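The values are calculated or read from the model by the stated rules, or taken from the named source; none is laboratory data. Note that the structure is a prediction, hence the values are computed from the model and not measured. Glycine also receives a Cβ, built like all others from the backbone with ideal geometry; neighbour counts cover every protein chain displayed. Heads up: the accessible areas ignore ligands, DNA and RNA and are worked out on the full protein's heavy atoms, side chains in. Shrake-Rupley method; radii C 1.70, N 1.55, O 1.52, S 1.80 Å.
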Amino acid sequence: MKKILITGALGQIGSELSVEFSRRYGADNVVVSDVNSEGAKLAPGNAYEVLDVTDAAALEAIVKRHNVDTIVHLAAILSAKGEQNPDLAWKINIDGLLNVMRISMSMKLDRLMVPSSIAVFGPTSVLYDSPQETILKPNTMYGVTKVIGELLADYYYKKSGLDMRGIRYPGVISYRTLPGGGTTDYAVEIFYEALRSGRYTCPLSSDACLPMIYMPDTVRATAELLEADPDAIKVHGGYNVGAMSFTPAQIAAEIKKYIPSFEIEYAPDFRREIARYWPASVDDSAARAQWGWKEEWNLENMTRDMLVNVAAKLGIDFKL
Ligand code: NAD
Ligand code: SER
């Protein structure tokens with residue numbers, strides 16, 4: 001793992017992962033790329049490449065030019081956007097993924113990390129403490145592409161030995177870059193609206209309990225899995241990783257502790273149907289046993305940190 005290429009690096013996760021990877025491995029050793037070029041330099045010293053992952057020739061040229069031996073493939077269309085444009089979700093999440101997998105194999109790369117998601121679960125899955133191995137028949141195009149990604153990871157690992165790794169990320173909460181069109185985005189938006197207007201209209205129902213993770217835990221989990229000893233890794237598609245689980249009503253109550261006048265109302269839309277068949281919590285014992293996963297952030301300390309940082313970002317005078 002000497003030279004890492006990150007695709008989709010300007011998104012919610014990539015914009016923070018790039019900075020943390022540059023800190024851990026040296027900015028010279030992290031090449032960041034995205035289909036967009038806005039805000040391209042994420043960490044001082046990073047090389048930046050404009051890359052559409054559906055363009056296999058461009059991807060191959062970048063891998064060669066920078067002597068890349070590890071790819072962290074973040075470019076994707078998320079669940080809500082994917083339901084609005086399923087063809088686009090297929091094109092980016094499957095055609096793009098196949099390009100990355102094929103080039104990783106043909107150029108004999110050392111390691112390939114492809115995130116999966118809690119969206120792999122569906123109406124016939126066990127939705128409380130969802131097991132690592134269970135029925136995966138999602139009812140969203142995004143979920144379908146993530147299950148295919150996991151199956152391909154297993155297939156190519158066995159066929160070619162490509163060292164593939166992945167996490168079924170829960171909903172990711174952060175304040176630096178806004179989320180890019182997922183069902184769990186509400187758990188970020190609620191902080192902005194609580195601070196700006198003291199009111200939030202939630203697109204999910206009040207009791208939609210979902211697994212979530214704060215960004216510092218997300219980037220640490222990603223680095224720890226990427227660095228883990230290959231012999232310890234028994235799951236190549238996507239590890240369940242849990243950190244916290246809450247409903248919209250519970251996060252609203254937590255925010256209310258610090259903004260007593262805060263009000264939430266509910267106007268569920270199509271995202272309620274997506275959330276309905278995602279787990280309330282996941283069994284992440286495999287991640288804990290095999291590469292030492294342990295969360296540091298829960299609903300309480302994440303809420304305090306988000307309020308302080310979102311307020312600072314918005315220039316709002318706020319004290320806990
Ligand atoms: P995001 O939507 O914030 O960012 C995705 C990035 O991909 C964007 O910067 C976008 O410009 C880029 N992109 C889109 N099409 C592209 C293309 N053709 N070529 C290159 N880049 C392209 O997503 P994210 O939240 O950072 O998610 C990263 C990964 O993590 C995805 O695989 C996603 O499915 C997974 N994931 C995220 C969450 C979450 O809550 N954020 C949860 C589970 C899984
Ligand atoms: N947070 C993501 C979404 O809501 C889950 O993969 O789409």
- prompt: Of all DSSP beta bridges in the chain, what percent run antiparallel (nearest 5)?
  reply: 10
- prompt: For region 1-44, which GluC sites (Glu not before Pro) are in a loop by DSSP, counting at most 15 other Cβ atoms within 10 Å?
  reply: Glu38
field: Potential lengthening between Ser37 and Asp95 on full extension [0.36 nm per residue; Cα-Cα distance subtracted]
entry: 18.7 nm
- line: Most packed first (mean Cβ within 10 Å per residue), the peptides 297-309, 200-212 order as 200-212, 297-309
- line: Between the Cα axis of helix 14-25 and the main Cα principal axis of the chain, the angle (0 to 90°, nearest 10) is 60
- prompt: Pairing the Cα long axis of helix 299-314 with the longest principal axis of the chain, what angle in degrees results, from 0 to 90 and rounded to the nearest 10?
  reply: 90
query: If you average the sequence gap of Cα pairs under 8 Å that are 6 or more apart and divide by the length of the chain, what percent do you get for the contact order?
result: 18
message: I need the peptides 226-237, 107-118 ranked by packing, meaning the mean over residues of other C-beta atoms within 10 angstrom, with the highest value on top.
response: 107-118, 226-237
- prompt: Can you list the HN-Hα couplings for region 213-226, worked out from phi with the Karplus curve (6.51, -1.76, 1.60; θ = phi - 60°), rounded to whole Hz and with x for Gly and Pro?
  reply: 8, 8, 4, x, 5, 5, 5, 5, 4, 5, 5, 5, 5, 4
- request: Subtract the Cα-Cα distance of Asp55 and Lys234 from 0.36 nm times their separation in residues, and report this length gain in nm to one decimal.
  value: 61.3 nm
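Counting other C-beta atoms within 10 Å, and keeping those with at most 13, which DSSP coil trypsin sites (Lys or Arg not before Pro) do you find in region 1-61? Present the calculation step by step, with values, prior to reporting the outcome.
Details: sites: Lys2, Lys3, Arg23, Arg24, Lys41; in loops: Lys2, Lys3, Lys41.
Counting only loop positions with at most 13 other Cβ atoms within 10 Å, the trypsin sites (Lys or Arg not before Pro) in region 1-61 are Lys2, Lys41.
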- prompt: Where in region 266-303 are there trypsin sites (Lys or Arg not before Pro) that are in a DSSP coil and have at most 15 other Cβ atoms within 10 angstrom of their Cβ?
  reply: Lys294
- prompt: How long is the gain from Ala267 to Met1 if the chain were fully straight, where each residue apart is worth 0.36 nm and the alpha carbon distance is subtracted?
  reply: 91.1 nm
message: Using only the alpha-carbon atoms, how far is helix 56-65 inclined from the longest principal axis of the chain? Give it as 0 to 90 degrees, nearest 10.
response: 70
message: Past 27 Å, Cα to Cα: identify those pairs from Lys2/Lys234; Lys81/Lys137; Lys137/Lys257; Lys146/Lys234; Lys257/Lys313; Lys108/Lys137, in the order given.
response: Lys137/Lys257; Lys108/Lys137
- request: Once every Cα of region 99-241 carries one equal point scatterer and solvent is ignored, give the base-10 log of I(q)/I(0) from the Debye formula at q = 0.16 Å⁻¹, two decimals.
  value: -0.93
- prompt: Per residue, how much accessible area does the chain show when a 1.4 Å probe rolls over the protein heavy atoms, in square angstrom?
  reply: 41
- prompt: Ignoring ligands, DNA and RNA, what percent of the 1.4 Å accessible area of the chain is carbon and sulfur?
  reply: 51
message: Contact order normalised by length for region 16-82, with contacts defined as Cα pairs under 8 Å and 6 or more residues apart; what percent is it?
response: 23
statement: Helix-only [θ] at 222 nm, the chain, -39500 (n - 2.57) per DSSP H run of 4+, per residue, nearest 500, equals -11500 deg cm²/dmol
query: Once both labels are modelled 7 Å past Cα along the beta-carbon direction, what's the Ile135-Ser160 spacing in nm?
result: 3.3
